[in-house]
Amino acid sequence: MSKPTVHGASAASAATAKSDIVVVPLFTNEDLSTSASEVNVAAGDVLQRAINIGDADAKLGKITTMVGSGNIARIMSVGCGDRASFNLEAQLSVTGAVSRALASSKAKNAIVVGDPIADDKDALAQFLEFLGRDMAMACYHYTATLGTPKPGPTFSKLTVAVDGISTAKAKQSLSVGATIGNGANLTRELVNLPGNVCTPSYLAKEGRALGRKYDKVSVSVLDEKKMASMGMGSLLSVGNGSDEPSKLIVMKYEGGPAKQAPYCLVGKGITFDTGGISLKPAKGMESMKFDMGGAGSVFGVMQTVAELGLKINVIGVVAAAENMPSGCATKPGDVVTSMSGKTIEILNTDAEGRLVLCDALTYVERFKPEEVVDIATLTGAIIVSLGHEASGLFANDDGLAESLTAAGLASGDEAWRLPINKRYDRQLNSKYADMQNIGTGTAGSITAACFLARFAEKYKWAHLDVAGTAFQSMQKGATGRPVPLLVEYLRQKAS
Ligand code: BES
Ligand code: MN
Ligand code: ZN
């Protein structure tokens, strides 16, 4: 995983320093900024000529690359659209387009002309954070299980040339962004790994590694024997058919005062979901290696908060199991007893995410959390509702729902709230247990959230259904979502 280094420099240096590529933002109906004109002149007027003949323009996200001259090997222009509508979403189109273009170019280093972006220091810092994040993410390249790794991006050094903020501040903003991007890349790597590599034990090892790497992170792993002694009959029922032992991974980050209530993140870590006895169809089943996307995001967030040194306490809990059919597997109609004491009739063994999460949600009561957010690739139905654009958001507290919605918008990692209430919840009533694990077939994402809500009555809780957002397809792989949203949420809490 290559991580580009980030630097700040004076605006004038873009025209004089030696670089593989200089990136120049263009706005509709605006002349080149002073430093952009200097770059243009130093590179033999190529940018102005490209604009004159219509090759380069300010259309939002449009990338035009031209050969330069002298110290400037290439110029890349990026369209930023109208100044008046250069909002957060437009910024993200620009940082995304530039990052992808740089990562797939031959350039190893780039200087971005920063001062056309904004006069406002905060807007500029915000843009640089996005740029640092998107650049780190564009450089991610999966090779873990390739015998002969395919070559990936070779880009390694990003400099922003700007006078509006100090070079130190520019570097810091880029660097915070890159830290978030690296956190999301850790998530992507874990989520992309195949099920035979990334098992519950592998995730436990990953957790312990984070504990060794960061002073403020301590990790404990509960094995099946321990979970049985605590009464986690629901979580354990999911792994019954698997030879891979289930694990509950608990990662504590202490960045705030010891007495301060922690924020808890609980991740669904089904390292492979065959559906169990309620077996899934063969077609597309391989994508169920992504069913630990929620867990993956918890690892990415823990790494990021530790790197950023956020001054709050965060506890990440990962409920890890493999859902397999076998002679020992849970059968439809079986009744299990959860740690809360509530009994569950398992009518469909493919609705397993909620079964591991409910015991993890009961487990975190002991931390007297400020707020709890679970993250899970929980239902196919959420893809019907929201596609691959927004994560599904459910909450028993309006304030928490609002802070997560806001964090999603601010980070370009959107979540959209759906309802949970008694009318939906009653689908879960059962004749043979306190509840059943599936509803009657309508509003599947909502009834899944209602199931979880029954185990989260003792604290403020939200649930993110990331089945549509944690990964796109086998080919495109893991996205690293919702790491940006969660990190933004925790940064808000820390500030
Ligand atoms: N892991 C799946 C949900 C899923 C589907 C994630 C597609 C990513 C992409 C989950 O365990 C599952 O199988 N859910 C069932 C629930 C049903 C049995 C009530 C579903 O969505 O069909
Ligand atoms: Mn399932
Ligand atoms: Zn699943």
- Within the chain, what's the longest run with no trypsin sites (Lys or Arg not before Pro) in a DSSP loop and at most 16 other beta-carbon atoms within 10 Å? Give the range, please. 109-215
- Protection proxy ranking, peptides 172-178, 162-168, average beta carbon neighbours within 10 Å, highest first: 172-178, 162-168
- Query: Which links in K171/K460; K225/K289; K59/K268; K18/K493; K62/K171; K108/K252 stretch past 30 Å when you go from one Cα to the other?
  - Reply: K171/K460; K59/K268; K18/K493; K108/K252
- Note on the structure: What helix-only [θ] at 222 nm does the chain give? Using -39500 (n - 2.57) per DSSP H run of at least 4, over all residues, to the nearest 500, the answer is -11000 deg cm²/dmol
- For the chain, inverting the pair-averaged 1/r of distinct alpha-carbon atoms gives a Kirkwood value in Å of 23.6 Å
- What is the chain's relative contact order, in percent, from Cα pairs under 8 angstrom and six or more apart in sequence? 14 percent
- Query: Considering only DSSP beta bridges with both partners in the chain, what is the antiparallel share in %, to the nearest 5?
  - Reply: 40 percent
- Item | Ordering of 114-120, 293-299, 324-330 by burial proxy (mean other Cβ atoms within 10 Å per residue, highest first) | 293-299, 114-120, 324-330
- Message: For K280, project a label point 7 Å along Cα to C-beta. Then give me every residue of segment 309-329 with its amide nitrogen under 12 Å of that point.
- Response: 323-324
- Using θ = phi - 60° and the Karplus curve 6.51 cos²θ - 1.76 cosθ + 1.60, what whole-Hz ³J(HN,Hα) does each residue of segment 190-203 get, with Gly and Pro shown as x? 5, 6, 6, 4, x, x, 7, 9, 8, 9, x, 5, 5, 4
- segment 5-163: antiparallel bridges as % of DSSP beta bridges, rounded to 5, reads 25 percent
- Describe numerically, in nm with one decimal, the distance between label points set 7 Å from Cα along Cα→Cβ at D122 and at Q492. 1.4 nm
- Query: Residue-wise, which Karplus ³J(HN,Hα) couplings in Hz belong to segment 216-230, taking 6.51 cos²θ - 1.76 cosθ + 1.60, θ = phi - 60°, and x for glycine or proline?
  - Reply: 8, 10, 10, 10, 10, 10, 8, 8, 4, 4, 5, 5, 5, 5, 8
- Item | For T330, distant residues with modelled amide H under 5 Å away | N240, G241
- Item | Karplus-derived HN-Hα couplings along segment 58-64 (A = 6.51, B = -1.76, C = 1.60, θ = phi - 60°), whole Hz, x at Gly and Pro | 8, 4, 3, x, 6, 10, 10
- Which of the GluC sites (Glu not before Pro) found in segment 357-460 are loop residues per DSSP with 12 or fewer other Cβ atoms within 10 Å of their Cβ? E389, E457
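Based on the alpha-carbon gyration tensor of segment 175-220 and its eigenvalue square roots a ≥ b ≥ c, which shape applies: rounded if a/c is under 1.5, prolate if not and a/b is larger than b/c, or oblate?
oblate
Quick note: the coordinates plus some simple rules give every number you see, no bench work behind them. It should be emphasised that the depicted structure is a prediction, and the values quoted were computed from it without experimental measurement. Reconstructed Cβ throughout: ideal geometry from the backbone, glycine too, with neighbour counts over all protein chains shown.
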